[in-house]
Amino acid sequence: MKKALRPALALSLAIILFGAGFLCARLAAASASETPRAKQRLGRREMASPQAPKKDLLRALRDNPSGVVSGDIYVAVWAMDDTERSALFARIAGMPPGPRKGALLESVVRAWQERSPQAALESLGRLPPGYARQRMLDEGVRQWARKDPESAVLWVEGQAGAVSRGILDRYRVALVYEWAHGDPAAALAYARELPPLDYHPSRMNQAIHALAKSGNAALAAEAAQGTQEGEEQIPMGVIALGWASFDMPAALQWAAAFEDERRKNMAHNIIMNYGADDPRAVVEWFERLPPDDPLRADRGDFRNMFSAWAHFDAEAAAAWIGARPPSPERDQALGAFVGTLSESDPTAAMAWAQQGASEKTRADMRRVVMKNWIHTDAEGARAHLDAPNAFTPDEAARFRKELDKSAQ
């Protein structure tokens with residue numbers, strides 16, 4: 001029996017050994033013939049693994065930087081020191097020109113700037129001059145100013161003489177803008193200390209605008225009035241718009257306290273830029289002005305805001321009109337309301353037009369409604385003219401001609 005089993009056992013062992021050898025040969029061949037694409041996939045798997053040791057991460061980036069995605073580079077650069085980042089930057093900078101190279105460089109620089117902004121900016125000096133390099137430099141200054149403006153100032157001012165006047169001015173504008181959002185008072189002080197020949201009103205305006213926008217309207221006003229002799233006076237409108245971005249009614253009230261031409265200009269700019277966000281608040285602000293206030297005499301902004309209010313909330317606008325006694329101001333609101341309503345419901349608008357304080361006002365509003373009606377619903381407009389209506393025979397005849405002409 002034992003003799004009979006020996007040949008079978010030998011055969012089984014031979015098969016196992018043959019299979020193991022065949023498998024080893026296949027694995028060796030696969031390793032030897034691994035394609036670049038397969039290596040890229042392997043590199044990405046290494047990058048994606050949270051357990052990948054740092055040396056493997058760096059190896060994947062150094063050996064095949066074009067095979068990894070930008071997000072992987074960002075994570076790896078964050079973990080490097082400046083020497084390693086510089087070597088990686090040089091490796092990517094030596095790649096052939098193309099969109100891929102630009103994307104990888106920006107990923108390296110973006111992460112580098114967060115860890116070591118000065119070293120990152122200085123590394124960009126190794127790139128050839130051009131739009132791409134300057135764009136990354138500008139962004140680096142802005143990013144640095146958001147995190148550590150004092151250090152960014154030292155670097156920017158150290159560029160005087162090394163870069164052109166225009167580039168230096170761009171850095172300063174970017175620095176003041178970003179700094180002003182975090183510490184507007186310090187940004188304002190820096191802007192004032194700039195050499196007179198480099199003075200640019202936009203820098204001061206940006207700092208003052210940020211002061212007002214952050215709620216420091218009083219400090220912003222003081223800064224605007226404290227410009228040195230020979231400098232361009234900072235427009236109060238900068239403060240007004242900054243303030244209006246977070247508290248429009250308060251900004252309007254502040255603007256109304258002025259007594260010169262700036263008063264009208266500031267109120268108008270606030271309303272045009274932010275009034276549509278809350279047209280009812282603007283209408284109520286107008287209503288609180290003294291009856292003889294010049295701002296009430298110029299009704300263009302009031303009419304525009306009432307039209308906006310009627311568009312967003314016709315019911316509330318109608319209630320406001322209904323609660324007011326006849327007056328020129330009510331007629332202004334009524335005219336705006338009727339004009340807006342006529343675009344969607346001309347029949348109702350025609351009825352509202354009859355509420356004007358005078359026959360002239362009523363006739364003007366009726367004509368506005370009919371003109372819109374002809375363009376939006378010619379059949380309905382003709383039916384209204386054929387029925388008893390408030391138009392004179394001459395007016396009705398003119399509108400019928402317009403209808404006939406539009407039908408041709």
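The values are calculated or read from the model by the stated rules, or taken from the named source; none is laboratory data. Computed from a predicted model, the values in this text were never measured in an experiment. Every residue, glycine among them, receives a Cβ derived from its backbone with ideal geometry; neighbour counts consider all protein chains shown.
Only one of Asp278, Asp292, Asp298 is under 29 Å from the mean Cα position of the chain (by Cα), surrounded by fewer than 21 Cβ atoms within 10 Å (Cβ to Cβ) and not polar (S, T, N, Q); which?
Selected residue: Asp278, the only one of Asp278, Asp292, Asp298 that is under 29 Å from the mean Cα position of the chain (by Cα), surrounded by fewer than 21 Cβ atoms within 10 Å (Cβ to Cβ) and not polar (S, T, N, Q).
Does the stretch 166-189 include one or more residues that are part of a helix (DSSP H, G or I), touching an Asp or Glu at 6+ places or on another chain (Cβ under 7 Å), of a type in the set (Gly, Ala, Ser) and within 19 Å of Gln113 (Cα to Cα)?
yes
Please determine whether any residue of the stretch 301-315 is over 20 Å from Asn273 (Cα atoms) and either touching a helix residue (DSSP H, G or I) at 6+ places or on another chain (Cβ under 7 Å) or in contact (Cβ under 8 Å) with a residue 40 or more places away in the chain (or both).
Within the stretch 301-315, one or more residues are over 20 Å from Asn273 (Cα atoms) and either touching a helix residue (DSSP H, G or I) at 6+ places or on another chain (Cβ under 7 Å) or in contact (Cβ under 8 Å) with a residue 40 or more places away in the chain (or both).
Go through the stretch 123-145 residue by residue and tally those that are loosely packed, with under 14 Cβ neighbours inside 10 Å and part of a helix (DSSP H, G or I).
So the answer is 2.
Would you check if Ala348 is surrounded by fewer than 17 Cβ atoms within 10 Å (Cβ to Cβ) and closer than 20 Å to Phe286 by Cα?
It is false that Ala348 is surrounded by fewer than 17 Cβ atoms within 10 Å (Cβ to Cβ) and closer than 20 Å to Phe286 by Cα.
Within the stretch 379-400, identify whether any single residue is assigned to a helix (DSSP H, G or I), touching a residue at least 12 places away in the same chain (Cβ under 8 Å) and either among the acidic types (Asp, Glu) or within 30 Å of Asp293 (Cα to Cα) (or both), and answer yes or no.
Yes; the residues of the stretch 379-400 include at least one that is assigned to a helix (DSSP H, G or I), touching a residue at least 12 places away in the same chain (Cβ under 8 Å) and either among the acidic types (Asp, Glu) or within 30 Å of Asp293 (Cα to Cα) (or both).
Is there any pair linking a residue in the stretch 152-180 that is in contact (Cβ under 8 Å) with a residue 24 or more places away in the chain and within 17 Å of Met136 (Cα to Cα) to one that is part of a loop (DSSP other than H, G, I, E, B) and not charged (D, E, K, R), with Cβ under 7 Å and at least six apart or on different chains, and which?
Leu168/Gln159; Asp169/His200; Tyr171/Gln159; Arg172/Leu194; Val173/His200
Quick check on the stretch 344-355. Is at least one of its residues under 30 Å from Arg382 (Cβ atoms), in contact with a helix residue (DSSP H, G or I) (Cβ under 7 Å, 6 or more places away or on another chain), of a type in the set (S, T, N, Q) and part of a helix (DSSP H, G or I)?
no
Which of the residues that make up the stretch 192-206 are hydrophobic (A, V, I, L, M, F, W, C) and either at pLDDT 75 or above or not in a helix (DSSP H, G or I) (or both)?
Leu194 - this is the single residue of the stretch 192-206 that is hydrophobic (A, V, I, L, M, F, W, C) and either at pLDDT 75 or above or not in a helix (DSSP H, G or I) (or both).
Anything in the stretch 358-378 that is among the hydroxyl-bearing types (Ser, Thr, Tyr) and not in a helix (DSSP H, G or I)? List them, or say none.
Answer for the stretch 358-378, where residues must be among the hydroxyl-bearing types (Ser, Thr, Tyr) and not in a helix (DSSP H, G or I): just Ser358.
Going by the structure shown, is Glu329 under 44 Å from the mean Cα position of the chain (by Cα), assigned to a helix (DSSP H, G or I) and surrounded by fewer than 20 Cβ atoms within 10 Å (Cβ to Cβ)?
Judged against the criteria, Glu329 is a match.
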